[in-house]
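See below for the structure under consideration.
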Amino acid sequence: MLGDLVTKNIELSNPSKNPISYWVKLIGSSDFSIETDQVRIEPGLTIAFPIRFQSRISSQVKGKVIFTNKKEGNIQAAAMVFELVSNVYERNSVDIIQKSTKLYKALQIDLSVENAFQQDVLFNISIQYERSTKDKKGEKGKDAKKGGAAAGPGGRKQIEKAGSSSNVTAGAKQQLVPDPYFCKLE
């Protein structure tokens with residue numbers, strides 16, 4: 001998730017009879033970090049080397065961890081390179097504001113926007129419209145579970161009745177279809 005701190009471990013084993021030491025270098029995105037720049041593995045042991053990732057952006061970033069032999073005595077260990085690739089699959093909203101108003105009634109919403117990044121950025125603010133399925137009494141209407149079919153003027157039942165008539169042309173049927181946000185004036 002965007003902004004979360006994730007720690008993964010690379011398991012390193014030393015099957016030899018002598019200790020092995022590595023210099024550790026991290027290159028690539030600064031979203032990846034390591035705790036130490038060297039590691040020592042005692043004979044016959046396996047250690048977990050932690051790599052932390054804290055995403056700043058949702059697009060994919062890459063990095064590499066390079067383990068190079070730190071010569072101690074006559075032991076020569078092979079260099080190792082691990083490629084790191086981020087996988088941010090979900091973003092959290094900083095804040096969700098829920099407001100409701102009647103259709104065609106203006107509602108002003110004041111938003112406070114703060115830049116948490118070290119450089120100038122563009123912010124996206126999205127507005128989602130949801131159609132209420134409740135009637136005036138606050139309960140779901142009979143037709144709400146059938147997809148909102150209404151028996152009143154302009155409702156689907158009226159259109160179906162008009163559409164079943166043989167004297168209605170195809171163009172007239174299209175004119176009878178109400179807008180997705182149909183409202184009845186009282």
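So here's what we get for this one:
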item: Test result for residue 53, within 30 Å of residue 125 (Cβ to Cβ) and touching a strand residue (DSSP E or B) at 6+ places or on another chain (Cβ under 9 Å); result: yes
item: Single residue of region 62-119 satisfying the filter (in contact with a Ser or Thr (Cβ under 6 Å, 6 or more places away or on another chain) and among the hydrophobic types (A, V, I, L, M, F, W, C)) that is surrounded by the fewest Cβ atoms within 10 Å (Cβ to Cβ); result: 107
item: Long-range neighbours under 6 Å by Cβ, at least six apart or interchain, first residue in the same structural domain as residue 13 (by TED's automatic domain parsing) and in a loop (DSSP other than H, G, I, E, B) within region 33-55, second basic (Lys, Arg) and loosely packed, with under 11 Cβ neighbours inside 10 Å; result: 43/17
item: Within region 1-21, tally of residues that are under 30 Å from residue 74 (Cα atoms) and out of contact with any strand residue (DSSP E or B) (no Cβ under 7 Å at 6 or more places or on another chain); result: 4
item: The lone exception for residue 84 - which of (1) in contact with a Gly (Cβ under 9 Å, 6 or more places away or on another chain); (2) at pLDDT 85 or above; (3) not in a strand (DSSP E or B) it fails; result: (3)
item: Residues being in a loop (DSSP other than H, G, I, E, B) and under 20 Å from residue 86 (Cα atoms) - total across region 56-74; result: 6
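The values are calculated or read from the model by the stated rules, or taken from the named source; none is laboratory data. For clarity, every value in this text was computed on a predicted model and none was experimentally measured. Virtual Cβ from ideal backbone geometry, glycine too; neighbours counted across all protein chains shown.
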